[in-house]
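Peer 1: Dropping the structure in here first, questions after.
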Amino acid sequence: MPYKVNQEHRHRIPKARYHVKNWRDYDAALRLLGLALPVPDHTTFSRRSVDLTVAKAVRTAICPVNLVIDSTDLKVFGAGEWQRDKHGGKGRRTWRRLHLAIDPETGDNLASELTTTEDGDASQVGPLLDQISGPIASVTADGAYDGEPVYRTIAERDPAAAVIIPPRSTAVPSSTAETAPTQRDRHLRMIQERSRRGWQKAVNYGPRSLGEVAMMRYKTVIWRRLHARTLPTQRAEAAAGCKVINVMTRLGRPVSQRIT
């Protein structure tokens, strides 16, 4: 289950193994990706990427779309680490945080934002939703996004959207929980009645794990490190990477089957 039950005992649980069932079709899809396009050298690309505009909205949703929102850190290889590798000592690590809104049905990156690590995850929900032009059916995220500001932001964007976020263990009902319960109040009540695992099954919380899959796909295909040196160029680099992932995903995705 996505929620980490009995975390202290999880080291005894063997890691699941998967087998890709459609290697032939997946390989054919990857070969369709070949494009005869001239590519500038790295210096030219880096110099001009500051003015590169990458459209983030990948498609217009006709039907209400379900979203999974998640974030991950990407490493920036700075001069401090180069000095450490060459001369020893301690180097300074720099990180950026990539925020994504995923369509769990298609695997598309519907929206992306790259920020510094000082910007909280919850603060990027609004900017992500602003990039999606179609209606939203639901927003699923982990407990880091729990809080009234996120619920309010989603309600302002689409009042009918369901918010599927596990309340924190310290969460308390609102002052109107008895007379006019909010979505968060209903989540809290259901957790009290059915336990947290029962809540996950009742609200279909499972697709949230696909957000982690999308992050792993980005880090595996594009890489877990940014090459650009400034934040504006890094944002262009990350947006372009998301576009590439979407093209590859539409051509074909591996179908994995659990074998243990």
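Peer 1: Tell me which residues, restricted to the stretch 219-257, are more than 16 Å from residue 51 (Cβ to Cβ) and of a type in the set (D, E, K, R).
Peer 2: Of everything in the stretch 219-257, those that are more than 16 Å from residue 51 (Cβ to Cβ) and of a type in the set (D, E, K, R) turn out to be 219, 224, 225, 243, 250, 253.
Peer 1: For residues in the stretch 107-146 being farther than 17 Å from residue 163 by Cβ, of a type in the set (Asp, Glu) and surrounded by 15 or more Cβ atoms within 10 Å (Cβ to Cβ), which is farthest from the chain's Cα centre (by Cα)?
Peer 2: 119
Peer 1: Can I ask one more? Across the stretch 113-159, what is the number of residues that are without any contact (Cβ under 8 Å) to a residue 12 or more places away in the chain and farther than 30 Å from residue 226 by Cβ?
Peer 2: Matching residues across the stretch 113-159 total 4.
Peer 1: Under 9 Å between Cβ atoms, which residue pairs at least 6 apart in sequence (or on different chains) link something in the stretch 12-33 that is closer than 16 Å to residue 257 by Cα and at pLDDT 75 or above with a partner that is surrounded by 10 or more Cβ atoms within 10 Å (Cβ to Cβ) and among the hydroxyl-bearing types (Ser, Thr, Tyr)?
Peer 2: Close Cβ pairs (under 9 Å, with a partner that is surrounded by 10 or more Cβ atoms within 10 Å (Cβ to Cβ) and among the hydroxyl-bearing types (Ser, Thr, Tyr)) amount to 18/256; 19/256; 20/26; 20/256; 21/256.
Peer 1: Can you give me the number of residues within the stretch 176-220 that are within 15 Å of the chain's Cα centre (by Cα), surrounded by 14 or more Cβ atoms within 10 Å (Cβ to Cβ) and small (Gly, Ala, Ser)?
Peer 2: 3
Peer 1: Of all residues in the stretch 230-246 being closer than 14 Å to residue 76 by Cβ and of a type in the set (S, T, N, Q), which is farthest from the chain's Cα centre (by Cα)?
Peer 2: Ranking the candidates gives 230 first.
Peer 1: Inside the stretch 160-179, can you point out the residues that are in contact with a strand residue (DSSP E or B) (Cβ under 7 Å, 6 or more places away or on another chain) and among the small types (Gly, Ala, Ser)?
Peer 2: Once the filter is applied, which keeps residues that are in contact with a strand residue (DSSP E or B) (Cβ under 7 Å, 6 or more places away or on another chain) and among the small types (Gly, Ala, Ser), the stretch 160-179 yields 161, 162.
Peer 1: Might you check whether a residue that is of a type outside the set (D, E, K, R) and modelled with pLDDT under 95 occurs anywhere in the stretch 162-169? Spell out how you get there, then give the answer.
Peer 2: Keep residues of the stretch 162-169 that are of a type outside the set (D, E, K, R), which gives 162-167, 169.
Next, from what is left, pick out any that are modelled with pLDDT under 95: 169.
Checked the stretch 162-169: at least one residue is of a type outside the set (D, E, K, R) and modelled with pLDDT under 95.
The values are calculated or read from the model by the stated rules, or taken from the named source; none is laboratory data. Bear in mind that the values here come from a model prediction, so they are computed numbers and not experimental data. Quick reminder, even Gly has a Cβ in these numbers, built from the backbone with ideal geometry, and neighbours come from all protein chains shown.
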